[in-house]
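Here the structure comes first, spelled out in structure tokens, and everything after it is commentary.
No value in this document is a laboratory result; all are computed from the given coordinates. These figures come from a predicted structure and were not determined experimentally. Quick reminder, even Gly has a Cβ in these numbers, built from the backbone with ideal geometry, and neighbours come from all protein chains shown.
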Amino acid sequence: MNPRTRQTLEFILDNLVWFMLVFVLVVFSILIPNYFQLGIFANIIEASSVLGVMSIGLALVIIAGHMDLSVESVAALSAMAVGILFCSSGIGLGIQLQPQWLMVPVSLLIALAVGGLIGAFNGYLVVRVKMSAFIITLASYIWVRGLVLVISGGRSAQDLAPAIRWFGIQRLGGLPLTAWIAIACFVVFSLIMAKTPFGRHLVMIGGNETATFRAGIRVNRNLVIAFVLAGTIAGLAGWLLAIRTSGATANLGVGLLFNAFAAVVIGGVSLKGGVGTLPGVYAGVLLLSAINTAINLMGLPANFTQVIHGLLVLAAVLLDAFKQTIRQRLA
Amino acid sequence: MSEPLLVLDNVAKNYGAIEALKGISFSIDKGEVVALLGDNGAGKSTLVKIIAGGLEPTSGRMLFEGKEFLAKSPAEAKAAGIETVYQDLSLCTNVDVVANFFMGREITRKVLGIPVLDERAMEQVVQKALASAGTRIPSLRTNVEHLSGGQRQAIELNRFVHFGGKLVLLDEPFAALGVEQTRRGLDMIRQVASQGIGVVIITHIMQQAFQVADRIVVIRQGVVAGDVARNKTSPDAVINMITGETLAGAGPAS
């Protein structure tokens, strides 16, 4: 195989998800009436903001060669914390701060802190106690969701303070500010992963942890930071979720983990670690969102989405394995 | 040279009841090449890992440049000036040549106070380092998984030559190299030593040891079985030390 064919093939493999996204959008635009509109595309981006933010954190940890199953529950707990404090009906305490805008940074900080703490807990156990990240974060996935049920008593909080909800209502260039927050997160973390030593080190740790340790990279420190980041970002996703639903319910965000997981894998992140980029993950998120929108427009019962997402996860993992075989052929 | 670069004083390592190293003592001077020989399982790699900070000794002490020294991590050893090339390659195959060359000590420039990788500067350094060593790698931006075993080892060897430090530990560095590359590798070692850097090289190939080393240290069953200057011994004598036919350190043979 000559170098140019190889380069082309590798380029396609590296950016497969973007090609898939374009393909899906074109097909839907042709086949589904009313799909091809700016409003629909804006809606696709808007609907993917919570999932997108959550996927960033998950992707960071998977790229570093580990796993974080707790992101969904962490987002729910952060959303519930914000909901209970700043909602005025249901179980909301309706705390008011003067001036009103002060509630924005305070609620955001609370959401991020909740996430960061659980992330630090996960990271500590993975690094110090050397337990499998899969098991630890599975446990967190369960107990954090349990905590949401405990503090809410199974009830919900409604009517989030208008100053906070403003982010979900105010639009800029056709998109609500929450969507811009998600896009900004992708830009910032993509740059961190591609351009800073920290990002480079995470990728290398995912590739060969022993080698990075021998090279003097502080592997444990980097891994703990990755878990804390994943938790914090999940906290941000929870904050966005609370804004989006104007409150929080006990089962808020159930199933998001598997969508995030699908987006990350479809986005080209290898579950073996060390491979994948965040722009790809964003394309994966948009792809899922585009499919959801199509299902809605076609008037299929919403329950179909779950079937399709399940199949997509399966397809993504198969695709991951398939890509690895091709890569080995190339090598 | 007044004081030795590194002194090992009765360094021992136990794994439970198993004594991998029973008490190793020898020293390395600046600019000296020491070949560490011994049969499989004699404890050579264990010893290298202890010096390089990958393992902690059970007992004994080390002096580095006359000061008490014990690296708790490879990062500490590296900071002290000890470079290591391991037997199983320590490369991340999922990133490119440049990223591997600078693993853990990337060149950065500050953008708004945030360290950002300076890819161009790093690529230039790698280009120069590889060119001066005569290593040909088609593109420095290909991931290492696409390179041959020899090219991979060349990256590691060039890495230690470039970063230098004070002491270099090489654990069977030529296992994947061809004849010509091995010769160049041996040249590299002499060149590094001539800059005043101490070199410890583990090898199984007697010929290599005699080509490059100033002194030969033989380890057998966790103790030093022989420590001789190269020009005062012969391959046969060394083989006897490795297999234990001459009972060095066990009293005179009757």
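Worth a mention:
- Diffusion of region B:93-202 by Stokes-Einstein, at 37 °C in a medium of 0.692 mPa s and with Rh set to the Kirkwood radius over alpha-carbon pairs, works out to 222 µm²/s.
- Footprinting exposure proxy ranking of A:Ser89, A:Ser289, A:Ser70, fewest other C-beta atoms within 10 angstrom first, gives A:Ser89, A:Ser289, A:Ser70.
- Only Lys, Arg (+1) and Asp, Glu (-1) charged, at Cβ; region A:67-187 dipole about Cα centre in debye: 100
- Test item: Cα-centred dipole of region A:35-325, Lys/Arg +1 and Asp/Glu -1 on Cβ, debye: 560
- Whole-percent pair-distance distribution, where bins are 10 Å wide, for the alpha carbons of region B:1-128: 11, 33, 29, 20, 8, 1
- Distance histogram for region A:214-327 (every C-alpha pair counted, 10 angstrom bins, percent rounded to whole numbers): 12, 34, 35, 15, 4, 1
- Nearest-20 debye value, the protein assembly as shown charge dipole, Cβ charges on Lys, Arg, Asp, Glu: 620
- Legend: helices of chain A (whole DSSP H runs) are marked when their alpha-carbon atoms reach 18 angstrom or more along the helix axis and their mean Kyte-Doolittle hydropathy is at least 0.0; marked are A:16-31, A:49-63, A:71-86, A:103-128, A:133-152, A:177-195, A:219-245, A:278-297, A:303-330.
- Set of lysines near B:Lys49 by C-alpha distance (under 18 Å), chain-local residues within fewer than 8 positions excluded: B:Lys13, B:Lys22, B:Lys72, B:Lys78, B:Lys166
- Ordering A:245-253, A:260-268 by mean Cβ neighbour count within 10 Å, with the highest value first, yields A:260-268, A:245-253.
- Degrees separating the helix B:119-132 axis from the principal Cα axis of chain B, which is the longest one: 50
- Using a simple spin-label model with pseudo-atoms 7 Å out from Cα toward Cβ, A:Thr325 and A:Ser29 lie 3.4 nm apart.
- FRET E, pair B:Ser59, B:Gln221, Förster distance 30 Å, beta-carbon r, rounded to 0.05: 0.95
- Convex hull projection area averaged over all views, chain B, Cα basis, nm²: 15.7
- Shielding value for A:215-225 is 3, the average number of Cβ atoms from other chains within 10 Å of each residue's Cβ.
- Pair A:Val188, B:Asp187: separation of 7 Å Cα→Cβ label points (nm): 5.2
- Highest average packing first - A:321-328, A:2-9, A:50-57, Cβ atoms within 10 Å: A:50-57, A:321-328, A:2-9
- In units of the rule-of-thumb radius 2.2 N^0.38 Å, region B:95-142 shows an alpha carbon radius of gyration of 1.22.
- Rounded to the nearest 10 degrees, the angle from helix B:179-194 to the longest Cα principal axis of chain B is 80 degrees.
- Loop trypsin sites (Lys or Arg not before Pro), region A:202-247 (other Cβ atoms within 10 Å of the site Cβ: 16 or fewer; DSSP): A:Arg218
- Whole-number D in µm² s⁻¹ for region A:35-325, Kirkwood Cα-pair radius fed into Stokes-Einstein, 37 °C, 0.692 mPa s: 171
- 3J(HN,Hα) along region B:6-14: 9, 10, 9, 10, 6, 6, 10, 9, 10 Hz, from the Karplus curve 6.51 cos²θ - 1.76 cosθ + 1.60 with θ = phi - 60°, whole Hz, x for Gly and Pro.
- For the protein assembly as shown, the extents of the C-alpha atoms along the principal axes are 96, 54, 42 Å, listed from largest to smallest.
- With R₀ fixed at 51 Å, the C-beta to C-beta distance from B:Arg136 to A:Ile151 puts the FRET efficiency at about 0.20.
- Taking a Cβ cut-off of under 11 Å around B:Leu91, the surrounding Lys, Arg, Asp and Glu residues balance to a net charge of -1, with basic ones at +1 and acidic ones at -1.
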